[in-house]
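Below is one structure, written out as structure tokens; the observations come after it.
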Amino acid sequence: MTGLAIVGGSYAALNVAASARQHGYAESITILTDEHELPYHRPPLSKGFLLGATDRETLPLRGEAFYRDNVINIVFGARASAVDCGASRIETTKGAFAFSKLAITTGTRARIIPIPGGDLRGVFTLRSLADADAIRAVLPGVRSVVVVGGGFIGLEMAASMAQSGVEVTVLEGLGRVLARVTGGTISGFIEREFAGHGVNLACGTAVEAFEGQNGAVRCVRTRSGQRYAADMVILAVGAEPNVELAEDLGLATAQGVVVDLCGRTANPAVFAAGDCAFGMNAFAGRSLRLESVQNATDQGKAAGAAIAGIDLPNSAVPWFWSDQFDLKLQMVGLCNGSDREVIRGSMDARKFSIFYLKRDRIVAIDSVNNASDNMLGRKLLGRPHSVSAEQVSDPDFNMRSLI
Amino acid sequence: MPRIIFRDADGGIREVNVDAGRSVMLGATMNGVPGIDADCGGTLSCATCHVYVDEAWADRIPPVDEVENDLLENVACERAANSRLSCQILVTEDLDGITVDIPERQY
């Protein structure tokens with residue numbers, strides 16, 4: 001048997017399949033997912049879905065008609081356990097599948113840090129719809145939650161919980177929230193907003209242990225000896241790529257499954273895309289692994305085209321979004337390595353953007369309730385341009401003139 | 001169930017039905033209509049569900065709000081007076097037969 005087997009069932013899997021078909025791949029396509037849902041939107045899990053504002057029926061990325069029309073098979077509950085490229089065969093909990101091409105879109109899993117009490121009832125991570133269901137099932141009885149980690153998922157969960165009337169504490173190990181992904185100005189703004197909503201936020205705080213009673217978590221103890229009451233803990237300390245299959249094939253490092261700009265690995269039959277993939281990023285000019293919907297989508301499209309025999313290197317400018325309370329945070333580009341932050345708009349009016357400059361070039365824009373700057377960045381950042389800090393900070397300067 | 005008619009850039013036509021209260025975007029994604037990427041799933045973050053609403057219908061839907069306007073400002077294909085993000089058009093029985101044109105690309 002020949003055909004494409006795709007391991008994983010989220011954004012990258014869908015886009016590999018759709019792009020392969022779009023570019024003329026005529027053999028069978030089978031998505032092997034260990035979940036029990038069609039690929040679905042994950043961002044609502046920490047926001048609208050948690051609050052009950054987003055219903056399950058609106059979560060699928062595409063309806064069944066799409067898979068039928070494009071002749072894409074999905075096998076649910078199929079967790080891959082081993083792959084043999086010589087025999088072109090993959091073993092899963094739903095049986096073995098033959099393939100001639102393999103796409104690894106296994107994504108990431110929530111990072112678990114070994115904290116005493118981590119196995120207590122009431123300690124959760126959030127990655128999948130099943131995780132969100134488990135949290136939702138117990139949320140009505142929760143009075144106080146401690147979120148460990150001030151990254152995107154931690155902050156989104158904290159905001160949602162605070163909006164549902166739960167007392168919320170966020171414990172962040174580093175000196176500020178979102179330290180890995182944004183500059184100090186945005187971090188400071190977000191911290192003040194959360195404080196304004198009554199969220200108790202402690203940065204530079206390392207967690208020592210979760211303490212429980214009758215098997216259920218009751219409080220979080222920090223390294224400095226402070227105790228925070230909690231009948232729920234959300235562990236949101238990042239994600240780790242699922243690289244085991246690729247490691248077995250010698251195609252991965254600890255950083256991810258190694259790919260080129262078209263999602264090819266060193267094995268001509270094997271491709272990879274999305275959160276699990278590590279490779280050259282055309283915009284950044286260096287190898288990296290991105291955890292985002294945009295990257296999973298664009299890298300998936302490139303890999304799908306390559307599977308169909310067409311070179312369409314991924315050259316997308318990275319972008320990302322996060323909704324917290326009434327803040328629409330949108331990011332485009334990569335701010336690491338910038339040498340200057342310039343504000344445009346009004347922080348007091350809660351509608352502004354931070355432009356990150358490297359010499360005369362904008363390398364990233366982080367916007368708060370200011371979507372037009374984000375959209376501008378998606379067009380501009382990948383193109384040659386030259387701008388001064390004075391121009392960026394001048395409200396009368398027309399940024400669109402740079403495009 | 002109200003009908004939505006999608007016309008693509010090559011003149012192809014797709015007619016789908018969607019429950020009242022759902023968005024035009026969802027009508028496309030659930031029925032496999034190509035050309036509506038809808039990366040953010042309707043949370044006003046991505047602007048990849050851009051459509052041009054047929055003139056006959058343009059006045060019958062609520063106007064563009066501030067966030068939608070901000071997103072449309074630099075949308076991938078040219079913005080026109082009838083440009084909308086299809087996630088923001090909720091279908092009602094009154095909109096049965098609403099017709100929209102899909103732009104060439106969403107990026």
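The values are calculated or read from the model by the stated rules, or taken from the named source; none is laboratory data. What you are looking at is a predicted structure, and each value in this text was computed from that prediction instead of being measured. A quick note on method: Cβ atoms are made from the backbone with ideal geometry, for glycine too, and the neighbour counts reach across all protein chains shown. All accessible areas refer to the heavy atoms of the entire protein, side chains included, with ligands and DNA or RNA removed. Shrake-Rupley method; radii C 1.70, N 1.55, O 1.52, S 1.80 Å.
What distance in nm lies between label points placed 7 Å from Cα along the C-beta direction at B:ASP65 and A:HIS36?
Taking the two extended label points, one gets 3.5 nm.
Please report, to two decimal places, log10 I(q)/I(0) for segment B:3-101 at q = 0.10, 0.25 Å⁻¹ as given by the Debye formula with identical point scatterers on the Cα atoms and no solvent.
-0.22, -1.60
Taking +1 at the Cβ of each Lys and Arg and -1 at the Cβ of each Asp and Glu, which of A:VAL7, A:TYR356, A:ALA82 sits farthest along the dipole of chain A towards its positive end, judged by Cα position relative to the Cα centre?
After comparing all options, I get A:TYR356.
Quick check for me: using +1 on Lys/Arg Cβ and -1 on Asp/Glu Cβ, what's the dipole size of segment A:46-107 about its Cα centre, in debye to the nearest 20?
Roughly 100 debye for segment A:46-107.
Quick one: the Cα spread of segment A:9-73 along its three principal axes, in angstroms, biggest first?
42, 20, 18
When Cβ neighbours within 10 Å are restricted to other protein chains, what is their mean count per residue of peptide A:372-381?
Working: counts 8, 3, 6, 9, 3, 1, 6, 4, 1, 0.
For this peptide, the per-residue mean of nearby foreign Cβ atoms is 4.
Which order do the peptides A:393-399, A:347-353, B:84-90 come out in when sorted by mean C-beta neighbours inside 10 angstrom, highest first? Could you put the intermediate results ahead of the total?
Numbers: A:393-399: 11.7, A:347-353: 15.7, B:84-90: 22.6.
The peptides rank, most packed first, as B:84-90, A:347-353, A:393-399.
Net charge near B:VAL64: determine it from the other residues with C-beta under 11 Å of the C-beta of B:VAL64, scoring Lys and Arg +1 and Asp and Glu -1.
Result for the local shell: -3.
Assigning unit charges at the beta carbon (Lys, Arg +1; Asp, Glu -1) and nothing else, what dipole magnitude in debye, to the nearest 20, does segment B:3-101 show about its Cα centre?
240 debye
Please find the FRET efficiency linking A:ARG350 to A:ARG136, where r is the Cβ-Cβ separation and R0 is fixed at 25 Å, and quote it to the nearest 0.05. Numbers along the way, then the final one.
Values: r = 29 Å, r/R0 = 1.17.
Approximately 0.30, to the nearest 0.05.
Take the Cα radius of gyration of segment A:113-271 and divide it by 2.2 N^0.38 Å, with N its residue count; two decimals is plenty. Before the final figure, lay out the partial values.
Numbers: Rg = 18.2 Å, N = 159, 2.2 N^0.38 = 15.1 Å.
Compared with the compact-globule rule of thumb, segment A:113-271 sits at 1.20.
List the residues of segment B:68-88 that lose 10 Å² or more of accessible area once all protein chains are present, compared with their chain alone (1.4 Å probe, heavy atoms only, no ligands or nucleic acids).
By number: B:ASP70, B:LEU71, B:GLU73, B:ASN74, B:VAL75, B:ALA76.
Anything losing 50 Å² or more of accessible area from the isolated chain to the full protein assembly: pick those residues out of segment A:308-332, probe 1.4 Å, ligands and DNA/RNA ignored.
A:TRP319, A:TRP321, A:LYS328
For chain A, what is the relative contact order in percent, using Cα pairs closer than 8 Å and at least 6 residues apart in sequence?
15 percent
How much accessible area does B:ASP65 have with a 1.4 Å probe, in Å² rounded to the nearest 10?
Around 70 Å² of this residue is reachable by solvent.
On the full set of protein chains, 1.4 Å probe, figure out the accessible area of B:ARG3 and give it in Å² to the nearest 10.
Result for B:ARG3: roughly 80 Å² accessible.
Pull out a ≥ b ≥ c, the square roots of the eigenvalues of the alpha-carbon gyration tensor of chain A, then state rounded if a/c is under 1.5, prolate if not and a/b is larger than b/c, and oblate in the remaining case.
Here chain A falls in the oblate category.
Express the Stokes-Einstein translational diffusion coefficient of segment A:201-297 in µm² s⁻¹, to the nearest whole number, given a Kirkwood radius over alpha-carbon pairs, 37 °C and a viscosity of 0.692 mPa s.
Numbers: Rh = 16.3 Å.
Taking Rh from Cα pairs, D becomes 202 µm²/s.
Quick one: work out the % antiparallel among DSSP beta bridges in chain A, nearest 5.
60 percent
Grab the DSSP H runs of chain B that are 4 residues or longer, score each as -39,500 (n - 2.57), total them, divide by all residues and round the 222 nm result to the nearest 500 deg cm²/dmol.
-4000 deg cm²/dmol
At a 1.4 Å probe radius, which order do B:ILE13, A:ILE343, A:ILE190 fall into by accessible area, largest first? It would help to have the intermediate numbers written out before the result.
On the way: B:ILE13 115, A:ILE343 70, A:ILE190 5 Å².
Most to least solvent-accessible, the answer reads B:ILE13, A:ILE343, A:ILE190.
Could you provide, to the nearest whole Å², the per residue accessible area of segment A:31-155 with probe 1.4 Å?
Per residue, segment A:31-155 has an accessible area of 44 Å².
Give me the one-decimal nm value for the distance between modelled label points at A:ILE113 and A:ASP55, 7 Å along each residue's Cα-to-Cβ direction.
In this crude spin-label approximation the distance works out to 4.0 nm.
Could you put A:HIS385, A:HIS36 in order of accessible surface area, largest first, with the 1.4 Å probe and the full protein assembly present?
Ranked from most to least accessible, the order is A:HIS36, A:HIS385.
Compute the FRET efficiency between B:ASN82 and A:ASN214 as 1/(1 + (r/R0)^6), taking r as their Cβ-Cβ distance and R0 = 60 Å, and round to the nearest 0.05.
Calculated transfer efficiency: 0.45.
Leaving ligands, DNA and RNA out of it, rank A:ASP84, A:ASP366, A:ASP311 by accessible area with a 1.4 Å probe, largest first.
Final ranking, largest accessible area leading: A:ASP311, A:ASP84, A:ASP366.
Measure up A:LYS47/A:LYS301; A:LYS47/A:LYS379; A:LYS94/A:LYS301; A:LYS301/A:LYS379 against 21 Å on the Cα-Cα distance and list the ones that go over. Don't skip to the end; give the middle numbers.
Numbers: A:LYS47/A:LYS301 27 Å; A:LYS47/A:LYS379 28 Å; A:LYS94/A:LYS301 27 Å; A:LYS301/A:LYS379 19 Å.
Among A:LYS47/A:LYS301; A:LYS47/A:LYS379; A:LYS94/A:LYS301; A:LYS301/A:LYS379, the Cα-Cα distance tops 21 Å for A:LYS47/A:LYS301; A:LYS47/A:LYS379; A:LYS94/A:LYS301.
Per-residue mean of other chain beta-carbon atoms within 10 angstrom of the beta-carbon, peptide B:20-28?
Averaged over the peptide's residues, the number is 1.
Over all directions, what mean area does the Cα convex hull of segment A:1-135 project, stated in square nanometres?
9.7 nm²
Once you charge only the Cβ atoms, +1 for Lys and Arg and -1 for Asp and Glu, what is the size of the charge dipole of the protein assembly as shown about its Cα centre, to the nearest 20 debye?
Roughly 1160 debye for the protein assembly as shown.
Can you pull out the buried accessible area for chains B and A, both sides counted, probe 1.4 Å, rounded to the nearest 100 Å²? All intermediate terms of the calculation are to be shown ahead of the outcome.
Values: alone 5750 and 17490 Å², together 20930 Å².
That pair of chains buries around 2300 Å² in total.
Taking each residue of A:59-70 in turn, how many C-beta atoms of other protein chains fall within 10 Å of its C-beta, and what is the average?
Whole-number average of other-chain Cβ neighbours for A:59-70 is 4.
In chain A, which whole DSSP H runs stretch at least 15 Å along their own axis (Cα) and average 0.5 or higher on the Kyte-Doolittle scale?
A:152-163
Using a 1.4 Å probe, what is the accessible area per residue for segment A:203-316, in Å²?
Ligands and nucleic acids excluded, the figure is 39 Å² per residue.
Leaving ligands, DNA and RNA out of it, report the carbon-plus-sulfur percent of the accessible area of segment A:108-150 at a 1.4 Å probe.
56 percent
Of all DSSP beta bridges in segment B:3-101, what percent run antiparallel (nearest 5)?
Counting only bridges with both partners in segment B:3-101, antiparallel ones make up about 75 percent.
Counting only heavy atoms of the protein chains, get the accessible area per residue of segment B:3-101 (1.4 Å probe) and round it to a whole Å² value.
41 Å²
Add -39500 (n - 2.57) for each DSSP H run of 4 or more in chain A, then divide by its residues: what number comes out at 222 nm, to the nearest 500 deg cm²/dmol?
-6500 deg cm²/dmol
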